Each structure stands twice: as C-alpha cells, then as structure tokens.
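Notes follow once the structure below has been shown.
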Amino acid sequence: MRFRRQKDKDITRLDIAPLVDVVFLLLIFFLLSMGEPIRQTRVTLPEASTGGHITKQAVYVVIASNGIFLDGKRSSMEAARSLPIDRDIIIEAQRDIPYYRVVKVLDVLRVSGHKRISLATRFVKSGL
C-alpha cells in the first residue's frame, strides 16, 4: 500500500508567533541582566560643574522626603552604621531636603568609621 503525500502549498509562510516570543524573552533577559540595579526611589540631585565618575561597587544612601534608603531598600540611621567600611559610600539627597538631614547622615557614617564618602550631584557644563 502506497500512501500519497499531500503537498503543502503554504510551506513558504512563516509563523511569526514563535519569533515574537523569542524577542520578548530576549528583552526580559537584557532588562534583568543590566549592570546597575533599577532604583526604587528617584531623587532630584543638585547641580555641580565639577566631580568624578561613580564607582559601581559603591553603597548608595538615598535621603528622600519619605525616608532613608540603603541600596534601594527602606532603612534607618542605625542600619547605616553597619555598612561595610571598605566600600565607597555615595549619598544621594533630593535638592529640597533640609541640609541638617544630610549632615546627620554624614555624621552617623563618619562616627561609625567610614572615610570614603561622596555626595552625588548632576553634572552641568559650566559657562566659564
């Protein structure tokens, strides 16, 4: 007995659904594997025309109007004392935060033995 094959005339048509799935998975992969974690708290930094680049191994201390965040997680002043001394600490404070709150965090970090503390600013070109 001999079976006949039916010739598929639509063999040249490309199914796009699996292609969209693969592109979507690649997009998710690249978003999750980004070098810097996505921050939960956005702050408006003050401007400065001088400064250097931020190191990637630093601990970020964010002073916002709704509290203090250490590496993106809500925290307290006591937790800032237990930060590792051998890492850089970068303080990000919103422009409208009272000055005494920034000084208070600086004092807590210095008393606990931290020496490598930086203040984050937004770079602007100087008109000079």
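Key figures
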item: Selection status of Thr50, modelled with pLDDT under 80 and closer than 24 Å to Met34 by Cα; result: no
item: Qualifying positions in region 72-93 - among the aliphatic types (A, V, I, L, M) and either out of contact with any strand residue (DSSP E or B) (no Cβ under 8 Å at 6 or more places or on another chain) or touching a residue at least 40 places away in the same chain (Cβ under 8 Å) (or both); result: Ile85, Ala93
item: Residue, surrounded by the fewest Cβ atoms within 10 Å (Cβ to Cβ), within region 94-128, restricted to residues that are within 13 Å of Tyr60 (Cα to Cα), at pLDDT below 85 and hydrophobic (A, V, I, L, M, F, W, C); result: Leu119
item: Any hit, region 3-19, residues being among the aromatic types (Phe, Trp, Tyr), at pLDDT below 85 and more than 19 Å from the chain's Cα centre (by Cα); result: yes
item: Per-region count, region 68-90, residues at pLDDT 85 or above and over 18 Å from Ser118 (Cβ atoms); result: 1
item: Region 54-93: number of residues that are polar (S, T, N, Q) and buried (at least 16 other Cβ atoms within 10 Å of the Cβ); result: 1
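The values are calculated or read from the model by the stated rules, or taken from the named source; none is laboratory data. The shown structure was predicted, so the numbers you read here are calculated from the model rather than taken from an experiment. Cβ sites come from the backbone with ideal geometry, for glycine too, and all protein chains shown count toward neighbours.
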